[in-house]
1. Do you know which residues across region 37-58 are open to solvent by 20 Å² or more (accessible area, probe 1.4 Å) and within 16 Å of the ligand (Cβ to nearest atom)?
2. Kindly evaluate Lys78 against the criterion of being over 21 Å from Val61 (Cα atoms) and either touching a strand residue (DSSP E or B) at 6+ places or on another chain (Cβ under 9 Å) or outside any strand (DSSP E or B) (or both).
3. So which pairs qualify, if the first residue must be in region 23-34 and without any contact (Cβ under 8 Å) to a residue 40 or more places away in the chain, the second must be open to solvent by 20 Å² or more (accessible area, probe 1.4 Å) and assigned to a strand (DSSP E or B), the Cβ gap must be under 6 Å, and the two must be at least 6 apart or on different chains?
4. Going by the conditions given, is Val136 more than 16 Å from the ligand (Cβ to nearest atom), open to solvent by less than 50 Å² (accessible area, probe 1.4 Å) and in contact (Cβ under 8 Å) with a residue 12 or more places away in the chain?
5. Taking Asp279, is it open to solvent by 20 Å² or more (accessible area, probe 1.4 Å), closer than 30 Å to Ser172 by Cα and either assigned to a helix (DSSP H, G or I) or without any contact (Cβ under 8 Å) to a residue 60 or more places away in the chain (or both)?
6. Count, please, the residues in region 263-276 that happen to be under 17 Å from Phe183 (Cα atoms) and not in a loop (DSSP other than H, G, I, E, B).
7. Condition test on Pro128, is it away from the ligand (no atom under 16 Å from the Cβ), open to solvent by 50 Å² or more (accessible area, probe 1.4 Å) and under 20 Å from Gly37 (Cα atoms)?
8. Provide a single number: the residues in region 59-79 that are more than 15 Å from Leu32 (Cβ to Cβ) and open to solvent by less than 10 Å² (accessible area, probe 1.4 Å).
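The values are calculated or read from the model by the stated rules, or taken from the named source; none is laboratory data. Keep in mind it's a predicted model, so treat the numbers as computed, not measured. Glycine also receives a Cβ, built like all others from the backbone with ideal geometry; neighbour counts cover every protein chain displayed. Just the protein is used for accessible areas: all its heavy atoms, side chains included, with ligands, DNA and RNA removed. Shrake-Rupley method; radii C 1.70, N 1.55, O 1.52, S 1.80 Å.
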Amino acid sequence: MRLISVLVCLTVSSLWAQNEVRLSYTQVTPNLFMIEGVGGNMLLSRGKDGLFLVDDQVASVSEKVAETVKAIEPGPIKFIINTHWHHDHTGGNAVFRNGGTLTVAHRKVRERMQKENFTHALNRKTPPSPEAALPVITFTREMRWYFNDEEIHIYHVGNAHTDGDSIVWFKSSNVIHMGDVFFNGLYPLIDYSSGGTMRGMIKAVKRVLKDTDSETKIIPGHGPIATKWDLIQYLEMLEEVGQKVRSMKKAGKTLAEIKEAAPTKKWDEIWGKKWLKPDEFVAIVYNAL
Ligand SMILES: [Zn+2]
């Protein structure tokens with residue numbers, strides 16, 4: 001079916017007041033909607049059992065997220081799953097939790113949110129989250145939900161973008177939310193300070209690819225909705241850059257020398273323009289090997 005995009009223009013105060021924040025949503029299937037704003041991509045499931053949201057962006061836009069969900073389908077959000085702990089995927093937890101939503105995530109997400117985290121790759125310190133923001137249901141390996149007339153397979157992929165990444169697979173809809181294991185069209189962050197590794201990213205992408213066909217719609221953590229072919233290109237980029245940086249590192253080259261050798265050159269035109277610069281990505285790969 002055709003994708004229908006709706007742009008909702010909203011103005012918020014606080015952190016993002018200097019810019020008008022725009023949340024938009026795209027109907028992915030009759031009952032699944034991707035919502036985009038200032039943080040990670042969200043996915044809303046609606047149906048006879050109620051509303052279920054994957055990720056909830058940054059704290060300052062929680063009200064706007066709620067308004068956008070309401071514009072799609074009125075009613076309380078029963079569950080939110082966080083694909084990982086980063087603040088642009090869990091920022092709305094406290095607000096929604098106080099409104100009665102149950103928050104769900106891998107055990108490591110709750111553990112990380114209970115303490116201060118330092119993300120070396122971005123030189124960013126994140127303070128511990130308030131109690132209300134902590135996921136109230138956690139799991140370690142996988143869960144199968146039977147909600148809104150379909151099986152939803154939620155499984156952990158270890159040490160990829162972080163150590164607590166979940167993949168959320170809506171099986172009969174043939175839609176997969178990959179969280180930040182997949183950045184579509186921009187170089188990905190591998191948060192090696194949170195247990196992320198290049199090897200784990202590659203392994204996780206391969207695992208997801210097994211469950212895809214030419215019709216699968218893939219929701220990346222950041223970037224537009226993708227197909228299996230987009231994910232294959234992403235995998236090729238990760239493998240090739242990973243191999244190049246690994247062999248130079250093994251040969252004793254310094255990070256500065258590796259940057260100088262421009263191992264991402266072939267990919268920079270597509271992946272290096274929107275967020276992380278080629279040099280920044282090389283440094284991340286170097287540290288995440
Ligand atoms: Zn992230």
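1. Once the filter is applied, which keeps residues that are open to solvent by 20 Å² or more (accessible area, probe 1.4 Å) and within 16 Å of the ligand (Cβ to nearest atom), region 37-58 yields Gly37, Val38.
2. Spelling it out, it is not the case that Lys78 is over 21 Å from Val61 (Cα atoms) and either touching a strand residue (DSSP E or B) at 6+ places or on another chain (Cβ under 9 Å) or outside any strand (DSSP E or B) (or both).
3. From residues that are without any contact (Cβ under 8 Å) to a residue 40 or more places away in the chain, the pairs are Ser24/Leu7; Ser24/Glu36; Gln27/Ile4; Phe33/Tyr25; Phe33/Gln27.
4. Against the criterion (more than 16 Å from the ligand (Cβ to nearest atom), open to solvent by less than 50 Å² (accessible area, probe 1.4 Å) and in contact (Cβ under 8 Å) with a residue 12 or more places away in the chain), Val136 does not qualify.
5. Considered against the rule, which asks whether it is open to solvent by 20 Å² or more (accessible area, probe 1.4 Å), closer than 30 Å to Ser172 by Cα and either assigned to a helix (DSSP H, G or I) or without any contact (Cβ under 8 Å) to a residue 60 or more places away in the chain (or both), Asp279 comes out as no.
6. So the count comes out to 5.
7. The answer is no for Pro128.
8. Number satisfying all stated conditions: 3.
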